[in-house]
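Engineer: Following this message is one structure expressed as C-alpha cells.
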Amino acid sequence: MTTTMMPRDRVTVRVPATSANLGPGFDALAVALDLSEELTIHRLPAGEPARVRVTGTNAGLLPEDETLLAYRAVVATYRHLGRAVPALDLELATRIPRSGGLGGSAAAIVAGVVAANALEGSPLARHDELELVAAIEGHPDNVAGALLGGLVVCVNGRGGLVATRLPVPADLQAIICLPRASISTKSARGVIPREFPIGDAVFNLGRTALIVAAFATRDWSLLRDGMDDRIHQPARGRILQALHPVIEAALEAGAHGAALSGAGSAMIALATGKFDEIATAMGDAATRHGSPNRVIRLALSDAGARVVE
C-alpha cells in the first residue's frame, strides 16, 4: 500500500550502476554496484521551456535536450500517471561509463521514473515503478537491480513482474575491465541464436541456481562454475574476442567467477582478495586480444534508487 505525499518542487535521486546476467542469468539476474549517478529535477514557472544538463563523466556525450533518456523516462512517468508534464529543469550528474555493460541506460530510466514519481508525491508504489521501468527498458534485469539494489532476480511471472533480492556482502567486490570500444546492446542481442540444445538450457539453469545459492550461503567457491554460460557468451565472444581470455585470466589470478557484464563490452570478475593481481591479469589479457582498456574495482551495493534530497 502506498502513502501518497505532497508534491515537491525539487527532488534529487541517486541510482547505482548494475551488472546484469553474471554469466548464465540472461535477462533475469543483476547486481548493483557502488557507482552511482544523480538526477535532480525541479519545477520551473509554467510556460517556460524545459532545461536539460548533463555533467560529469558523460558531459558532451549525451544530449542536453528532451531526447535525453532520463528526461524521456520523466515524460513516460507523467503519461503513466495521466498528468501533464510540468516545465522542468533537469540535471543528470553522470559517473557510469556509457561504453556498455554497467547499466548506464537502465540507471537513467530508473532515475527519471523515481524522480518524477517523488516530485508528484509518490503515487506509484515501488512495484509500480518496477513495472514501468521494465516496460520502458524492454527487459527487467538491469532496471530491477538499479531500482532495488543488492543481487536481484526478476522475471515475468503469471501476473506481472516477480522480483526478489538478496543482500550483498562487503567482502565480495567487482573487478571490471572496460574496453575502450563499446558494443551496442542491440548488436550484442542480434548475434544470439534463437534456439538452443536442451543441454545448454540445462547447463544455464543449474548455474543460475548456483549463483543464487552462492549469495544465499556466502559460499563464493560456487561462483567459479556458477558464472559459466552457454546461451549468450559464446556468440558475443565472437564480436568481443577478449571475452574468454579475460575470464580465464581472472580465474587464474584468483577470482571466484567471471563473466561478460550485461551485453558488454565490460567484463566483470567477483573476488574477495587478490584484487590487484586480478585487475592486472584482466587488463593484460584484454590488451593482448585487441581490446585496449581500463580496469576499475567496485564494491557491490545494497542500496537501490533512493531520494537523497
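Engineer: Give segment 264-309 a look and list any residue that's buried (at least 24 other Cβ atoms within 10 Å of the Cβ) and small (G, A, S), or say none.
Structural biologist: Taking segment 264-309 as the starting set, the residues that turn out to be buried (at least 24 other Cβ atoms within 10 Å of the Cβ) are 264-271, 278, 281-282, 285-286, 305.
Of everything in segment 264-309, those that are buried (at least 24 other Cβ atoms within 10 Å of the Cβ) and small (G, A, S) turn out to be G264, S265, A266, A269, A271, A281, A285, A286, A305.
Engineer: Hey, could you check segment 158-178 for residues that are among the β-branched types (V, I, T) and either part of a strand (DSSP E or B) or surrounded by fewer than 16 Cβ atoms within 10 Å (Cβ to Cβ) (or both) and say which is nearest to the chain's Cα centre (by Cα)? Outline the logic, then answer.
Structural biologist: Step one: of segment 158-178, the residues among the β-branched types (V, I, T) are 162, 164, 168, 175-176.
Adding the requirement that they be either part of a strand (DSSP E or B) or surrounded by fewer than 16 Cβ atoms within 10 Å (Cβ to Cβ) (or both) leaves 162, 164, 175-176.
On the way: V162: 18, T164: 16, I175: 15, I176: 13 Å.
By that ranking, first place goes to I176.
Engineer: With V133, V52, V85, V113 as the choices, which residue is without any contact (Cβ under 8 Å) to a residue 12 or more places away in the chain and in contact with a helix residue (DSSP H, G or I) (Cβ under 8 Å, 6 or more places away or on another chain)?
Structural biologist: Numbers: V133 fails: without any contact (Cβ under 8 Å) to a residue 12 or more places away in the chain; V52 fails: without any contact (Cβ under 8 Å) to a residue 12 or more places away in the chain; V113 fails: without any contact (Cβ under 8 Å) to a residue 12 or more places away in the chain.
Among V133, V52, V85, V113, only V85 is without any contact (Cβ under 8 Å) to a residue 12 or more places away in the chain and in contact with a helix residue (DSSP H, G or I) (Cβ under 8 Å, 6 or more places away or on another chain).
Engineer: Can you pull out the residues in segment 129-141 that are in contact with a strand residue (DSSP E or B) (Cβ under 7 Å, 6 or more places away or on another chain) and modelled with pLDDT of 95 or more?
Structural biologist: Selection gives L130, E131, A134.
Engineer: With the requirement that a residue be at pLDDT 75 or above, out of contact with any helix residue (DSSP H, G or I) (no Cβ under 6 Å at 6 or more places or on another chain) and either within 23 Å of A269 (Cβ to Cβ) or part of a loop (DSSP other than H, G, I, E, B) (or both), what does segment 180-199 give you?
Structural biologist: Kept after step one, since they are at pLDDT 75 or above, are these residues of segment 180-199: 180-181, 191-192, 194-199.
Adding the requirement that they be out of contact with any helix residue (DSSP H, G or I) (no Cβ under 6 Å at 6 or more places or on another chain) leaves 180-181, 194-199.
Within segment 180-199, R180, A181, R194, E195, F196, P197 meet the criteria.
Residues checked against (1) on the phi > 0 side of the Ramachandran plot; (2) touching a residue at least 60 places away in the same chain (Cβ under 8 Å); (3) among the basic types (K, R):
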| site | (1), (2), (3) |
| --- | --- |
| D225 | no, no, no |
| R236 | no, no, yes |
| P245 | no, no, no |
| A255 | no, yes, no |
| G264 | yes, yes, no |
| L270 | no, yes, no |
| V308 | no, yes, no |
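Engineer: Go through (1) surrounded by 20 or more Cβ atoms within 10 Å (Cβ to Cβ); (2) in contact with a Phe, Trp or Tyr (Cβ under 9 Å, 6 or more places away or on another chain); (3) not hydrophobic (A, V, I, L, M, F, W, C) and name the single condition G101 misses.
Structural biologist: (2)
Engineer: In this structure, does I198 turn out to be more than 17 Å from D171 (Cβ to Cβ), without any contact (Cβ under 8 Å) to a residue 24 or more places away in the chain, crowded, with 22+ Cβ neighbours inside 10 Å and among the hydrophobic types (A, V, I, L, M, F, W, C)? Working first, answer last.
Structural biologist: Details: more than 17 Å from D171 (Cβ to Cβ): yes; without any contact (Cβ under 8 Å) to a residue 24 or more places away in the chain: yes; crowded, with 22+ Cβ neighbours inside 10 Å: no; among the hydrophobic types (A, V, I, L, M, F, W, C): yes.
No; evaluated as a whole, the condition is false for this residue.
Engineer: I need a count of the residues in segment 143-167 that are closer than 20 Å to T217 by Cβ and of a type in the set (V, I, T).
Structural biologist: Residues that pass the stated criteria total 3.
Engineer: Hey, another quick one. Consider H42 against the criteria (1) surrounded by 20 or more Cβ atoms within 10 Å (Cβ to Cβ); (2) in a strand (DSSP E or B): it satisfies all of them except one. Which criterion is unmet?
Structural biologist: Answer for H42: the failing condition is (1).
Engineer: When you scan segment 201-237, how many residues do you find that are among the hydroxyl-bearing types (S, T, Y) and surrounded by 21 or more Cβ atoms within 10 Å (Cβ to Cβ)?
Structural biologist: So the first thing to find is which residues in segment 201-237 are among the hydroxyl-bearing types (S, T, Y), and the list is 208, 217, 221.
Then keep just the ones that are surrounded by 21 or more Cβ atoms within 10 Å (Cβ to Cβ); that gives 208.
Number satisfying all stated conditions: 1.
Engineer: How many residues does segment 238-261 hold that are within 20 Å of the chain's Cα centre (by Cα) and either surrounded by fewer than 19 Cβ atoms within 10 Å (Cβ to Cβ) or more than 14 Å from A174 (Cα to Cα) (or both)? Outline the logic, then answer.
Structural biologist: The initial filter retains those residues of segment 238-261 that are within 20 Å of the chain's Cα centre (by Cα), namely 240, 243, 247, 257-261.
If we keep only those that are either surrounded by fewer than 19 Cβ atoms within 10 Å (Cβ to Cβ) or more than 14 Å from A174 (Cα to Cα) (or both) too, we end up with 240, 243.
So the answer is 2.
Engineer: Could you tell me whether R126 is exposed (fewer than 14 other Cβ atoms within 10 Å of the Cβ) and more than 15 Å from the chain's Cα centre (by Cα)? Can you show your working first?
Structural biologist: Numbers: exposed (fewer than 14 other Cβ atoms within 10 Å of the Cβ): no; more than 15 Å from the chain's Cα centre (by Cα): yes.
No.
Engineer: Sort through A30, A20 and tell me the only one that's in contact (Cβ under 8 Å) with a residue 40 or more places away in the chain, within 20 Å of the chain's Cα centre (by Cα) and over 21 Å from R180 (Cα atoms). Step through it out loud before you land on a result.
Structural biologist: Values: A20 fails: over 21 Å from R180 (Cα atoms).
When all the criteria are applied, what remains is A30.
Engineer: Restricting to segment 225-269, name every residue that is touching a strand residue (DSSP E or B) at 6+ places or on another chain (Cβ under 6 Å) and polar (S, T, N, Q).
Structural biologist: Q233, S261, S265, listed by residue number.
Engineer: One residue is enough: does segment 175-187 have a residue meeting the conditions in contact (Cβ under 8 Å) with a residue 40 or more places away in the chain and farther than 23 Å from L243 by Cα?
Structural biologist: Our first condition is that a residue be in contact (Cβ under 8 Å) with a residue 40 or more places away in the chain; within segment 175-187, this holds for 175-185, 187.
Subsequent filtering for residues that are farther than 23 Å from L243 by Cα retains none.
No, segment 175-187 contains no residue that is in contact (Cβ under 8 Å) with a residue 40 or more places away in the chain and farther than 23 Å from L243 by Cα.
The values are calculated or read from the model by the stated rules, or taken from the named source; none is laboratory data. Predicted, not measured: the structure shown is a model, and the values here were computed from it. Every residue, glycine as well, gets a Cβ built from its backbone with ideal geometry; the counts of neighbours run over all protein chains shown.
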